[in-house]
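The values are calculated or read from the model by the stated rules, or taken from the named source; none is laboratory data. If you're wondering where the values come from, they're calculated on a predicted model, not measured in any experiment. Don't worry about glycine lacking a Cβ; one is built from the backbone with ideal geometry, like all the others, and counts go over all protein chains shown. Note: accessible area is taken over every heavy atom of the protein model, side chains too, but ligands, DNA and RNA are not part of it. Shrake-Rupley method; radii C 1.70, N 1.55, O 1.52, S 1.80 Å.
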Amino acid sequence: TAGLCLAASFSGAVSSLVMCPVERVKCVMQARAASSFANPFACIAELVRRDGLAGLFFRGFVATVLREMPACTFYLVGYELAKAKLLATALPRTL
């Protein structure tokens, strides 16, 4: 299961590359007044103008990775353990 833990942890790190900018836009839009942005694209434009692409993609990245790596590990390992247990107790199929 060490390989499964490593793979699950790595998947959490990779998914953070997509989740980090989405979470950043969501948090900025939630923290500002409702009329601050017409849509998420307006928020993205302001973030890129103010912080650059690096600010959009990597501000908060470490926190997102530190959340997602253990979460994915627990989720996928728990899923695999439950699946193995359920399959072991299932009735054998006959043709």
Against the definition (among the polar types (S, T, N, Q) and either over 16 Å from the mean Cα position of the chain (by Cα) or open to solvent by 60 Å² or more (accessible area, probe 1.4 Å) (or both)), how does residue 1 come out, yes or no?
yes
When the residues of region 15-44 are narrowed to those that are of a type in the set (Val, Ile, Thr) and exposed (fewer than 13 other Cβ atoms within 10 Å of the Cβ), which ends up farthest from residue 73 (Cα to Cα)?
22
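Only one of 77, 48, 62 is touching a Leu at 6+ places or on another chain (Cβ under 8 Å), of a type in the set (Val, Ile, Thr) and without any contact (Cβ under 8 Å) to a residue 24 or more places away in the chain; which?
Selected residue: 48, the only one of 77, 48, 62 that is touching a Leu at 6+ places or on another chain (Cβ under 8 Å), of a type in the set (Val, Ile, Thr) and without any contact (Cβ under 8 Å) to a residue 24 or more places away in the chain.
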Just a yes or no: is a residue in region 59-72 out of contact with any Ser or Thr (no Cβ under 8 Å at 6 or more places or on another chain), exposed (fewer than 13 other Cβ atoms within 10 Å of the Cβ) and of a type in the set (D, E, K, R)?
no
On the given criteria, is residue 54 surrounded by fewer than 11 Cβ atoms within 10 Å (Cβ to Cβ), small (Gly, Ala, Ser) and outside any helix (DSSP H, G or I)?
no
